[in-house]
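A quick write-up on the structure given underneath.
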Amino acid sequence: FVSTNIVGTYQLLESARSYLAALDVERRETFRLHHVSTDEVYGELGETGHFTETTPYAPNSPYSASKASSDMLVRAWGRTFDLPVVISNCSNNYGPHQHPEKLIPVVILNCIAGRAIPVYGAGSNVRDWLYVDDHAEALLTVMEGGDIGETYNIGGDAEMANIDLVRAICAILDEEAPAASGRPYAELIEFVTDRPGHDLRYAIDASKIKSRLGWSPSVTLQEGLRATVRWYLDNSWWWRGVEERGHASTRLGLKQA
């Protein structure tokens, strides 16, 4: 994480600064560097409230600390060197082509295989879920219309506790691809020891990008989950290829990226 998110961001910033310096004035006016970050930099919420663009950073894991560091580097290069930067912080992504180690693919693929579905702790951790196509549209919106030096939070307006999310996926699979045993997939749920530094709740206030840039999520969580389940059912060639290269989907993850 340190090498990729901190040193890697530094390298990109310096490369962008060199590239920008070589551009003519007209092309320089259209250049910008869009840094894509995460809501994890804000730390943990209680049962109420939402992260805004002015929420103080309080990362609680090595990953989120490295992402917070990269955000600060981008901001500093913008202020110190007049590099035209924009930053976006998104909530949990999901959808087709997500790596099998992540939470939603883990649930889908373990159900298909009849394996136990591991859920951290009591499954009470809450995340805001953002369908990948909606995030892509938001990134283009920020890239093309966001104000230089600004940060935009991108969320799906779809908070759900992990255990409720897992049960929702199991219910969809009960309809789309019932188990040969006839038993509900939710019976495969197995609670496991919680992971260190596991934040209780994240929730995004996306009112800034909605009001200033006109973006809002178009896919509900139920619609997105059903489309995602259908994609994994129809594209076993893709995820089986990933697994065959040594990336098994038997452990539970929490983030895309």
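The values are calculated or read from the model by the stated rules, or taken from the named source; none is laboratory data. Everything numeric here is computed off the predicted structure, so don't read it as measured data. Virtual Cβ from ideal backbone geometry, glycine too; neighbours counted across all protein chains shown. Ligands, DNA and RNA are stripped out before the accessible areas are found, and what is left, the full protein with its side chains, is counted by its heavy atoms. Shrake-Rupley method; radii C 1.70, N 1.55, O 1.52, S 1.80 Å.
Some observations on this one:
- Checklist (1) closer than 29 Å to V86 by Cα; (2) free of Cβ contacts under 8 Å to residues at least 12 places away in the same chain applied to D157, failing item: (2)
- Residue in the range 247-254 that is at pLDDT below 95, in contact with a Lys or Arg (Cβ under 8 Å, 6 or more places away or on another chain) and open to solvent by less than 70 Å² (accessible area, probe 1.4 Å) present: yes
- Applying the condition of being part of a loop (DSSP other than H, G, I, E, B) and on the phi < 0 side of the Ramachandran plot to the range 151-179 and asking which residue is surrounded by the fewest Cβ atoms within 10 Å (Cβ to Cβ) yields P178.
- Complete set of residues in the range 39-55 that are in contact (Cβ under 8 Å) with a residue 12 or more places away in the chain, closer than 18 Å to R201 by Cβ and either in a loop (DSSP other than H, G, I, E, B) or touching a His at 6+ places or on another chain (Cβ under 6 Å) (or both): G43, E44, L45, G46, E47, G49, H50, T52, T55
- Residue that is surrounded by the most Cβ atoms within 10 Å (Cβ to Cβ), among those in the range 124-150 that are part of a loop (DSSP other than H, G, I, E, B) and modelled with pLDDT of 95 or more: G146
- Residue list for the range 57-103, restricted to those being in a loop (DSSP other than H, G, I, E, B), at negative phi and free of Cβ contacts under 8 Å to residues at least 24 places away in the same chain: Y57, A58, P59
- One residue stands out in the range 98-123 among those that are more than 20 Å from L200 (Cα to Cα) and under 13 Å from the mean Cα position of the chain (by Cα): the one that is least open to solvent (accessible area, probe 1.4 Å), namely Q98.
- Of all residues in the range 22-39 being aliphatic (A, V, I, L, M) and closer than 30 Å to S211 by Cβ, the one that is least open to solvent (accessible area, probe 1.4 Å): L33
- Considering Y94, Y63, Y19, Y42, the condition of being open to solvent by 50 Å² or more (accessible area, probe 1.4 Å) and either under 25 Å from H135 (Cα atoms) or among the basic types (K, R) (or both) is satisfied by Y63 alone.
- G182 meets the conditions (1) more than 22 Å from the chain's Cα centre (by Cα); (2) at positive phi; (3) open to solvent by less than 30 Å² (accessible area, probe 1.4 Å) in every case but one. The failed one is (3).
- Output for the range 193-237, where each listed residue is farther than 19 Å from S124 by Cβ, aromatic (F, W, Y) and not in a helix (DSSP H, G or I): W215
- I169 vs. criteria in contact with a Cys (Cβ under 7 Å, 6 or more places away or on another chain), modelled with pLDDT of 95 or more and closer than 29 Å to T48 by Cβ: no
- Condition broken by R212, with the remaining ones in (1) over 30 Å from R75 (Cβ atoms); (2) surrounded by fewer than 18 Cβ atoms within 10 Å (Cβ to Cβ); (3) basic (K, R); (4) modelled with pLDDT of 95 or more satisfied: (1)
- Members of the range 15-38 found to be of a type in the set (D, E, K, R) and touching a residue at least 24 places away in the same chain (Cβ under 8 Å), listed by number: R17, R32
- Output for the range 1-16, where each listed residue is out of contact with any Leu (no Cβ under 9 Å at 6 or more places or on another chain) and surrounded by fewer than 19 Cβ atoms within 10 Å (Cβ to Cβ): F1, V2, S3, T4, V7, G8, Q11, E14, S15
- You will find that of I112, I6, the residue that is under 27 Å from E244 (Cα atoms) and assigned to a helix (DSSP H, G or I) is I112 and no other.
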